[in-house]
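Peer 1: Can you read through this structure? Questions will come right after.
The values are calculated or read from the model by the stated rules, or taken from the named source; none is laboratory data. The structure displayed is predicted, hence computed values, not measured ones. Neighbour counts run over all protein chains shown; Cβ positions are idealised from the backbone, glycine included. For accessibility, only protein heavy atoms count, side chains too; no ligands or nucleic acids. Shrake-Rupley method; radii C 1.70, N 1.55, O 1.52, S 1.80 Å.
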Amino acid sequence: MVTDEKITIEQFTADAHKFLAANAEPRESKKAFVWGEGSDNVSMFEERSKESEQEVVARAKKWRQQKFDAGFGWITGPVQYGGRGLSNEFEKAYGKVEAQFKVTNQSIFQIGLGMVAPTILAHASDLAREKFLRAMWRADIVGCQLFSEPGAGSDLAALQTKAERDGDEWVITGQKVWTSGAHFSDIGEIICRTDADLPKHKGLTGFIVDMKAPGVEIRPLRQMTGGASFNEVFFTEVRVRDDHRLGDVNNGWNVALTTLMNERAAIGGGSGGDSVLTRVFGMVRHYGLDKDLIVRNKLADLVIRYRVASYNNQRALDKIRSGQTPGPEMSIAKMALTDNQLRLGAFLAEVLGPRLQADTGEWGTYAWSQLLLGAPGMRIAGGSDEVMRNIVGERVLGLPKDVGI
C-alpha cells in the first residue's frame, strides 16, 4: 500500500473512486428542471418526525463511519487525532469523485465538524483532542453549539450561564436556546460566565459538555414552519472536568470567535442560490411573466445579487482553504444571504399573490411558504443582521465601535 507521505493525487483519486464504486450508487446525470415535475419542496429547514429523524441520523453515521474507516473521513486532519495529514488538494479531489455518487446526506454533522471540531482542535487540551476529534470525525459522537441564551442572543458576551470551579471540575447552571441538533448530539461546546466581576467579554470560559450528563434537559422549540429544528437546553449543576475546558480560564471570548467565524463560513457559504433561481425562472415562465419588463428587471436584480454573493463566498472559502483566518468576508456573506432571502420573498409574493398563502394543491405555489417562514430565523442564526453590520462597519469601514462595547 502506498503511504500517505508518498501518495500522489492520481493514486488517491483512484482509491477514492474504488471505495465509492464499491459502497455507493453512481449519480445519474442531472435532469433539466421542468416546472410541475418532481417535488416542489423548497423549505428552509427539514421537517421530520422523531422516527424519521432517528433513521436519518443512523444512516448518516453509518456512511461517515464507512468513509472514515476507508481513509476518507478526515483527509486534512492531523494524523495523531485520526486524520491523514494531507493537503486541501486531496480534499478537493475526493469531493469531485464523491459528487459522482449518491451518498447519504451528511448535514447533521455540519455544526459538529464545521464549527465545534475546529474549536476543539484549536483550543482543547491534548487529552480532549484525543478523546473527541477522532470520535467526531468518525461519527461515533455528534457535537452541537451552546451559545445563545434567552437574554443574550447575538450579544454573546451578555450570557449568564455560569460555571463555578469545584476542584478539578466545573459546575454549570443556566439555560441555552436555539440549539440545533441538541436532541441527537452527544457533546456540546458551551460558553459560560466564570467571573462576574470582569468586563463581560473577559469573564467567559469555554467547555466541552456531555449532553447526556445528569442535569442536562433538552426541550424542542416549535417553529412557525411547523417543525422543531431547534431546542432550548437547561443545565442544573452539570459537572464538567477541567481537562474538558477550551482554552484558558476567562479567555472564552477568543474561543467563541473561532467557532463563530467557522459558523458564518458555513451559513453564509450555503446560499443555494442557483437551484432556487432555477425554480424562480420556471415560475415566471409558467405564469407568462417572462416578457413583463418590470418583472424581468426585478428578476435581473435578484440574479445579480445572488451572483455577487457567490463570488464573495468563494473568495472567503478560498481564504480559509489556504490556511488564513476567516475574516469579515463571512459577515458580509451572512448579510448578503439574509438580504437576498428577504428580496426573494418580496418577489415571490408579487408574482404568486394569494397562491402563496392559500394551499390549493397547485404545484410550486404554497410550497414556497416554507422557505419564507424559515427565512426570518436566518436573520438571527450565526449572528443577527445588526451584529453583522457592526462587524463590517468596524473591521471593513474602520468606523468607531459602539459606545460601551
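Peer 1: What do you reckon, is M136 surrounded by 18 or more Cβ atoms within 10 Å (Cβ to Cβ), at pLDDT below 95 and under 21 Å from the mean Cα position of the chain (by Cα)?
Peer 2: Against the criterion (surrounded by 18 or more Cβ atoms within 10 Å (Cβ to Cβ), at pLDDT below 95 and under 21 Å from the mean Cα position of the chain (by Cα)), M136 does not qualify.
Peer 1: Could you please find all residues in the stretch 178-209 being in contact with a Ser or Thr (Cβ under 9 Å, 6 or more places away or on another chain) and either surrounded by fewer than 20 Cβ atoms within 10 Å (Cβ to Cβ) or part of a loop (DSSP other than H, G, I, E, B) (or both)?
Peer 2: W178, T179, S180, G181, S185, T194, D195, G203 - these are the residues of the stretch 178-209 that are in contact with a Ser or Thr (Cβ under 9 Å, 6 or more places away or on another chain) and either surrounded by fewer than 20 Cβ atoms within 10 Å (Cβ to Cβ) or part of a loop (DSSP other than H, G, I, E, B) (or both).
Peer 1: Could you list, in sequence order, the residues of the stretch 164-177 that are in a strand (DSSP E or B) and in contact with an Asp or Glu (Cβ under 8 Å, 6 or more places away or on another chain)?
Peer 2: Matches in the stretch 164-177: R165, E169, W170, V171, I172, T173, G174, Q175, K176.
Peer 1: Still on this model: Give the number of residues within the stretch 326-369 that are part of a helix (DSSP H, G or I) and either of a type in the set (G, A, S) or buried (at least 17 other Cβ atoms within 10 Å of the Cβ) (or both).
Peer 2: We begin by selecting, within the stretch 326-369, every residue part of a helix (DSSP H, G or I); these are 329-356, 368-369.
Subset that is either of a type in the set (G, A, S) or buried (at least 17 other Cβ atoms within 10 Å of the Cβ) (or both): 329-338, 340-341, 344-349, 351-353, 355-356, 368-369.
Residues flagged as part of a helix (DSSP H, G or I) and either of a type in the set (G, A, S) or buried (at least 17 other Cβ atoms within 10 Å of the Cβ) (or both) within the stretch 326-369 amount to 25.
Peer 1: In addition: Right, V56: in a loop (DSSP other than H, G, I, E, B) and within 30 Å of L344 (Cβ to Cβ) or not? If you could, list the steps in order and put the result at the bottom.
Peer 2: Working: in a loop (DSSP other than H, G, I, E, B): no; within 30 Å of L344 (Cβ to Cβ): yes.
The answer is no for V56.
Peer 1: Here's a follow-up. I'm trying to understand the selection: among the residues of the stretch 211-237, which are outside any loop (DSSP other than H, G, I, E, B) and either open to solvent by 80 Å² or more (accessible area, probe 1.4 Å) or among the β-branched types (V, I, T) (or both)?
Peer 2: Matches in the stretch 211-237: V216, E217, I218, R219, P220, V233, T236, E237.
Peer 1: Which is open to solvent by 40 Å² or more (accessible area, probe 1.4 Å), in contact with a Lys or Arg (Cβ under 6 Å, 6 or more places away or on another chain) and not in a helix (DSSP H, G or I), of T104, T76?
Peer 2: Result of the check over T104, T76: T104.
Peer 1: Give the stretch 33-53 a look and list any residue that's in a loop (DSSP other than H, G, I, E, B) and out of contact with any helix residue (DSSP H, G or I) (no Cβ under 9 Å at 6 or more places or on another chain), or say none. Spell out how you get there, then give the answer.
Peer 2: To start, the set of residues in the stretch 33-53 that are in a loop (DSSP other than H, G, I, E, B) comprises 33-49.
Within the stretch 33-53, E37, G38, S39, S49 meet the criteria.
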